[in-house]
Amino acid sequence: MKATRRALAALLLPAPVFAQARPRVVVVGGGFGGATAARSLHRAGIATTLVEASATYTACPFSNAVIAGLRGMAAQRFGYDALRAEGITVVHQRATGVDATARRVTLVDGTTLPFDRALLSPGIEIRFDGLPGYDEAAAEVMPHAWQAGPQTELLAAQLRDMPDGGTVVMVVPPNPYRCPPGPYERASLIAHFLKSRKPRSKLLVLDAKDVFSKQRLFEAAWASLYPDTLEYVPLAMGGRVTEVDPKSRRVTTDFGTQDGAVVNVIPPQRAGAIAQLAGVADRSGWCPVDPASFESRLVPGVHVIGDAIIAGAMPKSAFAANAQARVAAAAMVALLAGRAVQAPKLLNTCYSLVAPEYGISVAGVYQPANGLLTDVSGAGGTSPLEAPAGVRAAEARYAEDWFATITADVFG
Amino acid sequence: MRAFALALLMAAPAFAAEEAPPGASTCLGCHSPVRADAAIPPLRGRDAAAVAAAMREFREGTRPATLMDRLARGFTEEESQAIAAWIVR
Ligand SMILES: Cc1cc2nc3c(=O)[nH]c(=O)nc-3n(C[C@H](O)[C@H](O)[C@H](O)COP(=O)(O)OP(=O)(O)OC[C@H]3O[C@@H](n4cnc5c(N)ncnc54)[C@H](O)[C@@H]3O)c2cc1C
């Protein structure tokens, strides 16, 4: 009955809501941000076209568990059939341009898609000019695995095939980058893999920072779970990597060089290439937006969400991209209907696994202030530093549950 | 049945125009309205007053939580009630 009501409402909606013709929105990028936005816009009666380069989306959350041999790759893959079935036009092509004046998106085959407003959620692009020695060819030897897919499988295979007794080297970039706690979750799960499968091996984590997300929780877990396996080197101790050499699988720091049996380089990043092409990225490589409407500060009529934006206190996470998508879609509907945009609040929750059945989390509530998304004071924070195993197990279970819910919400 | 359809017709535009109150839509990242087997409790169909009361207890720290205490502290009583009313629909 409820489902019937919703289905009928969806059919009946478009006409009465907007005075003129049904407005058109083109969404570029069908990841956690873009696919959510496309659904929200479509359900509000907007004629929505989703442009996504790939026919299959491969999710990054839980890809660290794949790398550590705890999970199969199939669980990371999602398609767009449900969005199509709902009535969203899904076009599997690369967008090559966004013309905000002519109001159209250009695709790689030359097709143009007209819009009243556009939304970009292109995720990240690896900066192959960001770390000397690390180019596309180097990524085939020293995988980043920071965009899930073949890179994830390559790193998993390298770990699986490496001889026991070797050193795995992880290179962690300075801020900002996709998924702030992601490198430390990965370090934890690789350490778990080595400890249980290749116990004479070591993991060396070289970090370009001294401070990171959920740090005290990670460090406490490492000290108790992986004291003989994981060595963490922060910036202050020479952790910053200045150059890499794929031929010898060698990395250079301010203090010396280190060879690895496996080297995972998480390189610097910027907003996905279409952001530059559309003119919505600034010189930092990321996109300044209004924190209530997510409209670009550089190109009116074009909204940007997800990893690509400068979001202030809000991290670059799948949860955040999904939350921003809902808020941006509501704002776009309001603007298209000639209504004011309401001041939003947004949530974020990021779970990390430090071992199977050992989860920790960081959460936050955000609102616009001084032109950015800022923490609502008094809210948010991490899991407690001291907690019984039952709490850690519950958070690991909730992490899995979050993934099931969000992927059902976005692609199901 | 016809009256029912008519009621639907009249309710539809309001449904579309009615925006989620601040914060509410982003709860759906964890609280699924569609999954039946979820460990994180679905909230659709629950009693709004009970959801608002739970938010208050999380905010005040009187209800055991792994994470909801940290999120609930970001909302006033009034905001929590608005969210509760929206999320149970
Ligand atoms: C190892 C790892 C672990 C993570 N774990 C978590 C976690 O536990 N929880 C969490 O919340 N987040 C996690 N994240 C972060 C999360 O993956 C990202 O924040 C999220 O994917 C961002 O969503 P998005 O929509 O901005 O970009 P994406 O999900 O990357 O989607 C962008 C999409 O746009 C498409 N695209 C780009 N340009 C074009 C174009 N020109 N034309 C057509 N299509 C285009 C791409 O093909 C892609 O599908 C993790 C990330 C990593 C790397």
Any chance the stretch A:390-397 includes a residue that's more than 10 Å from chain B (Cβ to nearest Cβ), within 30 Å of A:THR56 (Cβ to Cβ) and of a type outside the set (Lys, Arg)?
yes
Residue check: is A:GLY45 at pLDDT 95 or above, surrounded by 22 or more Cβ atoms within 10 Å (Cβ to Cβ) and within 17 Å of the chain's Cα centre (by Cα)?
no
Of the criteria (1) under 30 Å from A:GLY312 (Cβ atoms); (2) crowded, with 17+ Cβ neighbours inside 10 Å, which one A:LYS198 fails:
(1)
Of the candidates A:ALA328, A:ALA337, A:ALA321, the one satisfying the condition of being more than 9 Å from every other protein chain (Cβ to nearest Cβ) and farther than 21 Å from A:ASN175 by Cα is A:ALA328
Can we say A:VAL171 is within 15 Å of the ligand (Cβ to nearest atom) and assigned to a strand (DSSP E or B)?
yes
Could you give every pair whose Cβ atoms fall below 7 Å, whose first residue belongs to the stretch A:305-326 and is within 24 Å of A:HIS42 (Cβ to Cβ), and whose second residue is within 8 Å of the ligand (Cβ to nearest atom) and of a type in the set (Lys, Arg), counting only separations of at least 6 or pairs across chains?
A:ASP307/A:ARG178; A:ASP307/A:LYS316
If we scan the stretch A:262-282, do we find a residue that is more than 16 Å from the chain's Cα centre (by Cα), under 25 Å from A:GLU153 (Cβ atoms), away from chain B (no Cβ under 14 Å) and within 12 Å of the ligand (Cβ to nearest atom)?
yes
Determine which single condition A:GLN147 fails, assuming it passes every other condition in (1) away from the ligand (no atom under 12 Å from the Cβ); (2) in a loop (DSSP other than H, G, I, E, B); (3) polar (S, T, N, Q); (4) not assigned by TED's automatic domain parsing to the domain that holds A:PRO300.
(1)
Which one of these is polar (S, T, N, Q), in contact with a helix residue (DSSP H, G or I) (Cβ under 8 Å, 6 or more places away or on another chain) and crowded, with 23+ Cβ neighbours inside 10 Å: A:SER352, A:SER383, A:SER361?
A:SER352
Can you find a residue in the stretch A:36-50 that is without any contact (Cβ under 8 Å) to a residue 24 or more places away in the chain and farther than 22 Å from A:ARG178 by Cβ?
no
Checking A:ALA379, A:ALA394, A:ALA331 in turn, the sole residue that is at pLDDT 95 or above and in the same structural domain as A:ARG117 (by TED's automatic domain parsing) turns out to be A:ALA331
Residues located in the stretch A:97-112, provided they are surrounded by 15 or more Cβ atoms within 10 Å (Cβ to Cβ) and either assigned by TED's automatic domain parsing to the domain that holds A:ALA187 or away from the ligand (no atom under 13 Å from the Cβ) (or both):
A:ASP99, A:ALA100, A:ARG103, A:ARG104
One residue is enough: does the stretch A:119-138 have a residue meeting the conditions surrounded by fewer than 17 Cβ atoms within 10 Å (Cβ to Cβ), aliphatic (A, V, I, L, M) and outside any loop (DSSP other than H, G, I, E, B)?
yes
How many of the residues making up the stretch A:305-332 are aliphatic (A, V, I, L, M), under 14 Å from the mean Cα position of the chain (by Cα) and within 12 Å of the ligand (Cβ to nearest atom)?
10
Those residues of the stretch A:81-111 which are over 25 Å from the mean Cα position of the chain (by Cα) and in a loop (DSSP other than H, G, I, E, B), in sequence order:
A:GLY87, A:ALA100, A:THR101, A:ALA102, A:ARG103, A:ASP109, A:GLY110, A:THR111
Picking from A:LEU154, A:LEU194, A:LEU225, the residue that is of a type in the set (A, V, I, L, M, F, W, C), away from every other protein chain (no Cβ under 14 Å) and within 16 Å of the ligand (Cβ to nearest atom) would be A:LEU154
Of all residues in the stretch A:35-80, count the ones that are among the β-branched types (Val, Ile, Thr), assigned to a loop (DSSP other than H, G, I, E, B) and under 17 Å from A:PRO150 (Cβ atoms).
1
Index of the failed condition, A:THR405 passing every other in (1) facing chain B (nearest Cβ under 9 Å); (2) in a helix (DSSP H, G or I); (3) surrounded by fewer than 23 Cβ atoms within 10 Å (Cβ to Cβ)
(3)
Taking the stretch A:60-88 on its own, how many of its residues are near the ligand (Cβ under 10 Å from one of its atoms) and either within 14 Å of chain B (Cβ to nearest Cβ) or modelled with pLDDT under 95 (or both)?
1
Residue list for the stretch B:62-85, restricted to those being outside any loop (DSSP other than H, G, I, E, B) and within 12 Å of chain A (Cβ to nearest Cβ)
B:MET68, B:ASP69, B:ARG70, B:LEU71, B:ALA72, B:GLU79, B:SER80, B:ALA82, B:ILE83
Select, from A:SER352, A:SER293, the only residue that is more than 20 Å from A:GLY30 (Cβ to Cβ), assigned to a loop (DSSP other than H, G, I, E, B) and either more than 9 Å from chain B (Cβ to nearest Cβ) or more than 13 Å from the ligand (Cβ to nearest atom) (or both).
A:SER293
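The values are calculated or read from the model by the stated rules, or taken from the named source; none is laboratory data. Because the structure is a prediction, the values reported are computed rather than measured. Cβ sites come from the backbone with ideal geometry, for glycine too, and all protein chains shown count toward neighbours.
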